[in-house]
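These notes are about the structure you will find just below.
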Amino acid sequence: MARVFITGSSDGLGQMAAQLLIEQGHNVVLHARNEQRGRQALAAVPGAESVVIGDLASIAQTRNVAEQVNRLGEFDAVIHNAAVGYQEPRRIATEDGLPHVFAVNTLAPYILTALIHQPRRLVYLSSGLHQSGDPTLKDLVWEQRPWRGQQAYSDSKLHDVLLAFAIARRWPAVLSNALEPGWVPTKMGGQRAPDDLDQGHRTQVWLAAGNDKEATVTGQYFFHLRPRKPLPAARDPQVQDALIDACSRLSGVDLPTVS
């Protein structure tokens, strides 16, 4: 039986992953952006242990989420599920002056990875759109280039793969992997999304709690329980390290050097 923390688990794939883990007999701690969504999350996922609250668009609140999780004790796995989509029509600045998409999709999982007591497994949700992400990492916070919402999203999903692979390389005692759930009909994906919703949450559950040899790997990328080739640049340690350095600088949070 595993103990798993899932970000962004008040609805969508995060909620579905939590429900499946509980059905399998695991313990799950949920996360929601605010108190109201937290109550809704607990009502929607009977059997969840508890919920932590915090808006991942805020560096301060993300740090506080990590503190709440650490007060709850040790976890076997963390699923970095929370994300915002690709349809923001302009650069929406957070309280820290960062693009909303970058803050939630890239910086928050970095901060939580750095500050939550290291679990045995880390799972990062990416997207097939990461293949269109910019591996040069130029202008990460969209201050020089004109805003393009889909490109910002694609970049952030590449960042999630880079983060997963960087952790796999730097923390050999932790199983760290990334996956794409497919374009599924969630609130973010939209009702016209063509992929199978029932398959959208199973790979992250498998990577977080599965015991077969295919799930107990590290530094890999998956789609529907099968390995898939990521953008080749995601394998480049120099690109991985450049992202880690940028996230450290922007957040003021250093990544621990050893597991």
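The values are calculated or read from the model by the stated rules, or taken from the named source; none is laboratory data. Nothing here was measured: the structure is a model prediction, and the numbers come from that model. Virtual Cβ from ideal backbone geometry, glycine too; neighbours counted across all protein chains shown. Ligands, DNA and RNA are excluded from the accessible area calculation, which covers all protein heavy atoms including side chains. Shrake-Rupley method; radii C 1.70, N 1.55, O 1.52, S 1.80 Å.
Results, tabulated for the structure shown:
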{"quantity": "Top-ranked residue of the range 231-255 - restricted to ones that are part of a loop (DSSP other than H, G, I, E, B) and aliphatic (A, V, I, L, M), ranked as nearest to Gln61 (Cα to Cα)", "calculated": "Val253"}
{"quantity": "Scope the range 16-32; condition open to solvent by less than 40 Å² (accessible area, probe 1.4 Å), touching a Gly at 6+ places or on another chain (Cβ under 9 Å) and not hydrophobic (A, V, I, L, M, F, W, C); matching residues", "calculated": "His31"}
{"quantity": "Neighbours by Cβ (under 8 Å, 6+ apart or cross-chain): first from the range 1-23, farther than 21 Å from Gly54 by Cβ and β-branched (Val, Ile, Thr); second open to solvent by 30 Å² or more (accessible area, probe 1.4 Å) and not in a strand (DSSP E or B)", "calculated": "Ile22/Pro46; Ile22/Gly47"}
{"quantity": "Residues of the range 162-180 satisfying the condition of being in contact (Cβ under 8 Å) with a residue 60 or more places away in the chain and either farther than 18 Å from Pro119 by Cα or among the hydroxyl-bearing types (Ser, Thr, Tyr) (or both)", "calculated": "Leu162"}
{"quantity": "Subset of the range 108-138 [more than 21 Å from Ala77 (Cβ to Cβ) and either of a type in the set (S, T, N, Q) or touching a residue at least 24 places away in the same chain (Cβ under 8 Å) (or both)]", "calculated": "Gly128, Leu129, His130, Gln131, Ser132, Gly133, Asp134, Pro135, Thr136, Leu137"}
{"quantity": "From Val205, Val217, residue being surrounded by fewer than 19 Cβ atoms within 10 Å (Cβ to Cβ), on the phi < 0 side of the Ramachandran plot and either aliphatic (A, V, I, L, M) or not in a helix (DSSP H, G or I) (or both)", "calculated": "Val217"}
{"quantity": "Enumerated helices (runs of 4 or more DSSP H) restricted to the range 33-148, each holding at least 1 residues that are farther than 20 Å from Gly14 by Cβ and open to solvent by less than 30 Å² (accessible area, probe 1.4 Å)", "calculated": "59-71, 108-115"}
